[in-house]
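These notes are about the structure you will find just below.
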Amino acid sequence: ITLLKSRVNIVTGTPSRIKKLIEIDALSLSRLSLVVIDLQRDAKGYSLFTLPQVSNEFWELYKSHFHGKLSQGSNDLNLRICFYGPMSVQEFEKSLKAEED
């Protein structure tokens, strides 16, 4: 946490860990410009959107800290989201539908 409060340019972590660090003010989004979402499958064939708990944690993080700023076009956050790894449109749409339910 102490290191995060100093100048940090790259952070990696699970959605729940990143959300927690934001909420305890250990990680600031003021200079955030790029979020890379790793969609690579693990050895068992799971990815961020195919594991329900991790997928739910990602959508909670997105809704609580990114969506409002992206949809409002806020000037205080010049943010881009990049999806890295293979994923079909059908898989992504299925994840969105699961989140809506």
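The values are calculated or read from the model by the stated rules, or taken from the named source; none is laboratory data. Everything quoted here is computed from the prediction, not taken from an experiment. Because the Cβ atoms are built from the backbone with ideal geometry, glycine has one as well, and the counts that use them run over all protein chains shown. We work out accessible area using only protein heavy atoms, side chains counted, and drop any ligands, DNA or RNA first. Shrake-Rupley method; radii C 1.70, N 1.55, O 1.52, S 1.80 Å.
Tabulated values for the structure
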read-out	value
Contacts under 6 angstrom Cβ, first residue in the stretch 5-20 being closer than 22 Å to PRO52 by Cβ, partner assigned to a helix (DSSP H, G or I) and open to solvent by 50 Å² or more (accessible area, probe 1.4 Å), 6 or more apart	none
Of all residues in the stretch 24-42 being aliphatic (A, V, I, L, M) and in a loop (DSSP other than H, G, I, E, B), the one that is surrounded by the fewest Cβ atoms within 10 Å (Cβ to Cβ)	ILE24
Contacts under 8 angstrom Cβ, first residue in the stretch 28-57 being under 17 Å from LEU96 (Cβ atoms), partner open to solvent by 70 Å² or more (accessible area, probe 1.4 Å) and among the aromatic types (Phe, Trp, Tyr), 6 or more apart	ILE37/PHE83; ILE37/TYR84; LEU39/PHE83; LEU39/TYR84
Odd one out for SER74, checked against (1) open to solvent by less than 80 Å² (accessible area, probe 1.4 Å); (2) at pLDDT 85 or above	(2)
Filter result for ARG31 (under 24 Å from LEU4 (Cβ atoms) and of a type in the set (Lys, Arg))	yes
Condition check for GLY45: at pLDDT 75 or above and part of a loop (DSSP other than H, G, I, E, B)	yes
TYR84 vs. criteria loosely packed, with under 13 Cβ neighbours inside 10 Å, closer than 21 Å to VAL11 by Cβ, among the aromatic types (Phe, Trp, Tyr) and modelled with pLDDT of 85 or more	yes
The lone exception for ASN56 - which of (1) at pLDDT 80 or above; (2) assigned to a helix (DSSP H, G or I); (3) open to solvent by less than 60 Å² (accessible area, probe 1.4 Å) it fails	(3)
When residues of the stretch 1-23 are limited to those that are more than 20 Å from TYR62 (Cβ to Cβ) and among the β-branched types (Val, Ile, Thr), the one surrounded by the most Cβ atoms within 10 Å (Cβ to Cβ)	VAL8
